[in-house]
Structure formats: C-alpha cells, structure tokens
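In what follows, a single structure is set out as structure tokens and then discussed.
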Amino acid sequence: MMTQSLQNGFTLDNHYLRDLKGPVPVPTQYAPSLGVHRGSCPVEPHKDQEIQRHRSAQAAPLLGSCRVQTPAPMDVQMCQSIQPCHADHQGDLSAGQLLKWMDTIACLAAERHAGMACVTLSMDDIQFEETGRVGQVITIKSKVNRAFTTSMEVGIRVSVQDVREHVERLVCVAYSTFVGKPAGPQKVLLRPVEDLCSAEEQLQHSLASERRRLRLYNEQTFSTLLQDYHTLANGNYSSPGVCSRRDPLSAVSTEFTRVESIELVLPPHANHHGNTFGGQIMAWMENAATVAASRLCGCFPSLRSVDMFRFRGPSSVGDRLVFKAVVNNTFNNSIEVGVRVEAYNCEEWTANKPRHINSAFLIYQLANTPGDVPAFPQVTYTTQDGERRYLSAIVRKRIRMARKHILSCKEEAPLSVPWDKSNQVYLGYNNVAALTVLAGKQDWEASSISDRVAVYVHEEVELLCVQVQMEVMTSALHAFTLLADLTLRPLWDKHYLSCEEVERADEEETVYHIKCPPINGGKSRDFVFLLSKRQPCKDGDPYVVALRSVTVTTVPPVEGFLRSEAKCAGFLIHSLGLNSCKVCYYNQVTSGVLPYVAGNLAGWSKSMEETASACTTFLERDLITTLY
C-alpha cells in the first residue's frame, strides 16, 4: 500500500497500485474507434505496440482533460481529533463541522479519480447514526463508487474511535455526486471504475446505478405524489392518517419558525478553485436549520439525515449569502426543515436580484430520554406557500422511505418455519396472532384513497408494512370463502402465475405452493405458504385469512425460480351489513415481497390499487353460482 501524506491530516491510500507506466484505460464505448476489440479474441502480439501508441494518442482527447495514469480509483482518508472548536454547546461534534470535512474528502476522492478539478452537484442519503465528542478521533473515508458518462458517485463513510478504545463506531454514511470542471462548454467524459476487488466494492458499484436511477425518477415521482396528496388533503376523507390541515388553534404555525441569516463570503471561506467552499455553505445551512427547529420544540434537536443537498450554482468571495430556513412539517418522531440559499454580488445586492445557489432539507429528531416518548409539537400552515411546503414534506418522507427500503441490502434471517402437521395447532395460532398484531399497529399513513380503495403504509425502525382497504358489495362470508381458497387468487392477482395445494391438514390449515412472474427485470419467484383461516368467534370479530412462509420437504426449490419468503400477510374481513363488507389486506414487507410493492412505495406505480380493484370486482361477481 502506498500512502501519500497531505496537509491537514489527509492521506491517500492506494489499494489498487498497479504498473503506473501503462496507458490510460479506455472505456469500452470508445474501443471501436480506437481499433481495439473488447472480446474473447486476444490481440495479436505484433499489433500490441501499435495499439498502445494509438491508445496513448487518442485516449486523452476522448476523455477531455482527464489524463489520469492510475487504472483504478483510490481511497481518500482523513483523520481528525475532535477539538473544542469543532464541538457544539453540548460538547458533541458539530454537524456543520462534520459536513465541511465530508465535502472536502469527497471532493479530493473525485479529483483523484478524474485527474482534474471537480464540482459538487449534490449530496444525498446523509444518515447520522451517532455523533463524536471532544477528545475522540474521527475517521472519514471516501471513494468513487461508480463513474457514469459525465458524473460520478462518491461514497463517504465516517467512524469515530475513543483514544482508550480499539473499536470504531459508525457515525455517518453519505453519497455525493460530482462532475469534472470543464475548461470550455464541453462536458468532461469520465473513465469508468475498474478492478473491483471485494464483494463490498462490487455491491456499491451496483447500488450506485440504482441510487442514480431513483434520483432521476425523483422529480417525476414527486410531482405525481404531490398531486395525490393534494387530493387527499382537499378531500373529505374520514380515514386515519390523511394529511389534512391541522387545527390552527392546537398547532403551531410554520411561519413562527422562519429564520433568515446572512453571511459575507471572505477569502478563508473559498476553496482551492476560488469559489465558496461547499462544505462551508453546508455548515451555514445546518446552523440556520437548527435554529428554525429549536424555535419549534424549545430545545436543540439532533440532526439525523439530510435530503437533497443541491448545489445549483457557484458563489465567490465578496458575495452576500442569505440563508432562509423554515420548518415544513412534523411527523411522529421527526421534523423536516427546508433551507434555501440565495447569493448576491454588489450589483445584485443593490438591485435585490438574488441567485438561488443551494437548497436542502434537514431531518431532526429529539434525543431519546429513558421513559420518554420524543414528540414534536404539531404544526399547521397559514399561507398557500405553507400548504405547498407542508404537503411536499409528506411526499419527500414517502420517497425517503421507499428509497431506504429499496436500497437496503441487509441479510435477512430465514423467515420460514418447518411445516409439521403434528404441530399445526401451534403454527396456525402463531400465524393468526401475527396478522392480528400487524393489523393492530397504530399510525398508519395514507398513501392513496379513492371511493372504494385505500392504501396505507406503516414504518418503524427496520419494519415496513402496507395495508389495503377495500369496500366490497358482498357478504363477509362470501368474501371469506373466496379469499380463503388460494387456488382462486390467480384469477384476479396478476402477481400470481399459479397456486397449487401441497397439503391440507384440516379445514383451517392448508399449505400452498405459489409461483410469481418476474418484475422489473428480476427473476421469477416462488413461495410456500401456510394458510390459516378462522371464522368470527363472536359478533364484531372479523374473518381471518393469515399467510406465512413455511418449509416443506416435498417442495424443494424450483429451477428458474428464486425461493422467497413472507413473514406475515393476509386478510381481515369485517361485516358492514347483509351485502357489504370491508376487506383489509396486510403485508409485512420482506426482501422477497419488496419487488412487488416497490413501485407503489416509490410512487411510480399504482399496481396495488389496480390489484385491489381487480379483487373487488372478483368478489362482487357471483362465482358460487357460476362455478356450481
């Protein structure tokens, strides 16, 4: 390993040191123009020298000014001892100071890969797990995960270690997007990231593409979801969790939390390119957002994540930067603060013509106190702009939730339990009890509501659940009879290719094998479910159809299908009258189920609503008389 010492505690760790005398690697898309074929056929020995000269002569123009001689990216690492000047009033590492360091280290990693000056476009998915304190050592590692045509993603990982301990604890993870700073109007083309040695590097390389895809979808998804939530807010729905306006008499107006601050950019605030240091702007933004949040809750909450840090334009020494922060909305245990940064030079300052250069949304939480349930005061809006920000915060929370679970790569423990007919009473009881507990969870948030179909989501730390409510014009017994026969489900659920009965224990417990089609280019999946059905014990109780994954020796994994698992799913059917009922479908989302609900969670699909409508139509048809 080669380590090059830099000033201010920076080190560049080369984990991929190769022969630095070789030519610049050329991306595959340029190979045909250079006469190089990237196939299984080897290059003839007598042509090798000619090809190398051809590469050296043409690669640099194709790659813009990116003349890097290193064939693979390099880690960049910073180690800092947390001093009192880096801490806040409580002795914890200031989030603003940490953001400064993170932006610096990410920029150096990007420039190391590109071989030129780089510009920050955004910093996303900033998650603060904990914080450091005075006397501890903070370590920040940064590396280019993937380079696209003209942009690259830089991963940032921050850990802290006490000088008396030998164990590092994770503090923060973030991902930043950079582009090469062009000398002219042409965009800089970047060489790809190669030589991915470890499984973690390959995983991050793959996830970088998915994160980019989600970012590109955000704008369209945001507009679609915002329209849906406007409909929810302006409708007269009595269902819980709808984002309706709160009572102004019992809630705090978001206008009360407005904060405006101004900073003059001085030479120490400029970076090595001559523009205002992005990390400094981020630190000022965090300060304004913290003041806005503290105005609402009467204390200093903890910054937990930052969403959509966008760098829209540069500023320079002598500019006046105006920071405008306001609380957008509060949720069960978090608060979103929006910050907008406007820049003025002398002429613009006199003419009052600002330039919008930065914006971000910062998410705060109250510190956990033993025996206390942290909660923020409810807020309401009193202006049209306040309503827009109020609803937009709900949409962004929904997008963050979807992104978190779609990109989650945590290994799940096996969810299936071995099926044993002699133990069916215990397994059936647990199956029904789990569904009942899931249905009893509080704080379901509305996702979409129409006249007869409503979709809700519920999220805890690592738990995500969905609920679909359907009003059906048929008797509860009739709906129960049809839904309890899983072999009928392919008639109305497009996610079911086939369903075969594997074993029937008795009238209440049956094991099924389900095959599902591929979705979003993935593999076909199959499930082995235990279905437990129960009729009401007394008036007012619902009919129950509970599902969970089990392991059956007679149904081994099928070639061409990915064996997947579900932990808890099923239907509760409530009677509303002689010929009407409410059917509620629940699902505790697992990695096996996620591909089928991800589109709904992220806002680019209405498949759950469509499936619910098909189910309603199916239940309302008189299938009993049709079949018999």
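When region 552-583 is filtered for residues that are within 20 Å of GLU508 (Cβ to Cβ) and either open to solvent by less than 30 Å² (accessible area, probe 1.4 Å) or among the hydroxyl-bearing types (Ser, Thr, Tyr) (or both), the ones remaining, listed by number, are VAL552, ALA566, CYS568, ALA569, GLY570, PHE571, LEU572, ILE573, SER575, VAL583.
For region 490-519, the set of residues classified as within 30 Å of MET401 (Cβ to Cβ) and touching a residue at least 24 places away in the same chain (Cβ under 8 Å) consists of TRP492, ASP493, LYS494, HIS495, LEU497, ILE514, LYS515, CYS516, ILE519, listed by residue number.
For the condition over 23 Å from ALA546 (Cα atoms) and either out of contact with any Pro (no Cβ under 6 Å at 6 or more places or on another chain) or hydroxyl-bearing (Ser, Thr, Tyr) (or both), what is the one hit in ALA393, ALA434? Outline the logic, then answer.
Values: ALA434 fails: over 23 Å from ALA546 (Cα atoms).
After applying the criteria, what remains is ALA393.
Looking only at region 555-573, decide whether some residue is part of a strand (DSSP E or B), more than 18 Å from PRO490 (Cα to Cα) and either without any contact (Cβ under 8 Å) to a residue 60 or more places away in the chain or basic (Lys, Arg) (or both). Spell out the reasoning first.
If we filter region 555-573 for residues that are part of a strand (DSSP E or B), which is where we start, we get 561-563, 568-573.
With the extra rule that they be more than 18 Å from PRO490 (Cα to Cα), the set shrinks to 562-563, 568, 572-573.
If we keep only those that are either without any contact (Cβ under 8 Å) to a residue 60 or more places away in the chain or basic (Lys, Arg) (or both) as well, we get 562-563.
Scanning region 555-573 turns up at least one residue that is part of a strand (DSSP E or B), more than 18 Å from PRO490 (Cα to Cα) and either without any contact (Cβ under 8 Å) to a residue 60 or more places away in the chain or basic (Lys, Arg) (or both).
Go through region 168-186 residue by residue and tally those that are in contact with a strand residue (DSSP E or B) (Cβ under 7 Å, 6 or more places away or on another chain) and open to solvent by 70 Å² or more (accessible area, probe 1.4 Å).
Within region 168-186, the subset in contact with a strand residue (DSSP E or B) (Cβ under 7 Å, 6 or more places away or on another chain) is 168-181.
Those left that are additionally open to solvent by 70 Å² or more (accessible area, probe 1.4 Å): 168-169, 181.
The total comes to 3.
Among the residues of region 469-501, write down those that are of a type in the set (A, V, I, L, M), outside any helix (DSSP H, G or I) and surrounded by fewer than 17 Cβ atoms within 10 Å (Cβ to Cβ). Spell out the reasoning first.
Here is the first cut: in region 469-501, the residues of a type in the set (A, V, I, L, M) are 470, 472-473, 476-477, 479, 482-484, 486, 488, 491, 497.
Next, only the ones that are outside any helix (DSSP H, G or I) stay: 470, 472-473, 484, 497.
Residues satisfying the conditions are MET473, LEU497.
When GLN127 is tested against (1) farther than 26 Å from MET401 by Cβ; (2) touching a residue at least 60 places away in the same chain (Cβ under 8 Å), just one condition goes unmet, and that condition is (1). Looking at region 316-325, can you tell me whether even one residue there is modelled with pLDDT of 95 or more, open to solvent by less than 50 Å² (accessible area, probe 1.4 Å) and within 29 Å of the chain's Cα centre (by Cα)? Within region 316-325, one or more residues are modelled with pLDDT of 95 or more, open to solvent by less than 50 Å² (accessible area, probe 1.4 Å) and within 29 Å of the chain's Cα centre (by Cα). Inside region 502-526, residues that are in contact with a Gly (Cβ under 8 Å, 6 or more places away or on another chain), open to solvent by 10 Å² or more (accessible area, probe 1.4 Å) and assigned to a strand (DSSP E or B) make up a count of 2. No other residue among LEU531, LEU463 is touching a residue at least 24 places away in the same chain (Cβ under 8 Å), of a type in the set (A, V, I, L, M) and surrounded by fewer than 14 Cβ atoms within 10 Å (Cβ to Cβ) apart from LEU463. State whether one or more residues within region 596-606 are at pLDDT 90 or above, under 15 Å from the mean Cα position of the chain (by Cα), of a type in the set (A, V, I, L, M, F, W, C) and at negative phi. Looking through region 596-606, at least one residue is at pLDDT 90 or above, under 15 Å from the mean Cα position of the chain (by Cα), of a type in the set (A, V, I, L, M, F, W, C) and at negative phi.
Whenever a residue of region 269-284 is open to solvent by 30 Å² or more (accessible area, probe 1.4 Å), its partners that are in a strand (DSSP E or B) and of a type outside the set (Phe, Trp, Tyr), lying with C-beta atoms within less than 6 angstrom and at least six residues away or across chains, give the pairs HIS269/THR276; ASN275/SER316; TRP284/GLU263.
From the list CYS516, CYS615, CYS581, exactly one residue is of a type outside the set (Lys, Arg) and more than 21 Å from HIS495 (Cβ to Cβ). Which is it?
CYS581
I'd like the residue in region 362-414 that is in a loop (DSSP other than H, G, I, E, B), among the hydrophobic types (A, V, I, L, M, F, W, C) and open to solvent by 30 Å² or more (accessible area, probe 1.4 Å) and, out of all such residues, is modelled with the lowest pLDDT. Per the criteria, the residue is VAL373. Assess whether VAL291 counts as being hydrophobic (A, V, I, L, M, F, W, C), modelled with pLDDT of 90 or more and open to solvent by 40 Å² or more (accessible area, probe 1.4 Å). Spelling it out, VAL291 is indeed hydrophobic (A, V, I, L, M, F, W, C), modelled with pLDDT of 90 or more and open to solvent by 40 Å² or more (accessible area, probe 1.4 Å).
Residues of region 442-456 that are within 20 Å of TYR543 (Cβ to Cβ) and either modelled with pLDDT under 90 or among the charged types (D, E, K, R) (or both): ARG452 alone. Could you list, in sequence order, all residues of region 332-360 that are in a strand (DSSP E or B) and of a type in the set (A, V, I, L, M)? Passing the criteria: ILE335, VAL337, VAL339, VAL341, ALA343, ILE357, ALA360.
Tallying residues that are farther than 21 Å from GLN365 by Cα, within 20 Å of the chain's Cα centre (by Cα), hydrophobic (A, V, I, L, M, F, W, C) and open to solvent by less than 10 Å² (accessible area, probe 1.4 Å) within region 113-167 yields 4. Screening GLY428 against (1) farther than 30 Å from ILE126 by Cβ; (2) open to solvent by 60 Å² or more (accessible area, probe 1.4 Å); (3) not in a loop (DSSP other than H, G, I, E, B) leaves a single unmet condition, (2).
Among the candidates LEU627, LEU619, the residue that is exposed (fewer than 14 other Cβ atoms within 10 Å of the Cβ) and either over 32 Å from the mean Cα position of the chain (by Cα) or at pLDDT 95 or above (or both) is uniquely LEU627.
Take the conditions (1) assigned to a strand (DSSP E or B); (2) of a type outside the set (Phe, Trp, Tyr); (3) buried (at least 20 other Cβ atoms within 10 Å of the Cβ); HIS458 misses just one of them, which is (3).
Of all residues in region 435-466, exactly one satisfies the criterion of being under 23 Å from the mean Cα position of the chain (by Cα) and within 15 Å of THR616 (Cα to Cα), namely VAL455. Here the condition is being in a helix (DSSP H, G or I), modelled with pLDDT of 85 or more and open to solvent by 60 Å² or more (accessible area, probe 1.4 Å); of LEU203, LEU207, it holds for LEU203 alone.
The values are calculated or read from the model by the stated rules, or taken from the named source; none is laboratory data. Note that the structure is predicted; figures quoted are calculated from it, not measured. FYI the Cβ positions are ideal-geometry reconstructions off the backbone, even for glycines, and counts take in every protein chain you see. Remember, those area values only see protein heavy atoms, side chains included, never the ligands or the DNA or RNA. Shrake-Rupley method; radii C 1.70, N 1.55, O 1.52, S 1.80 Å.
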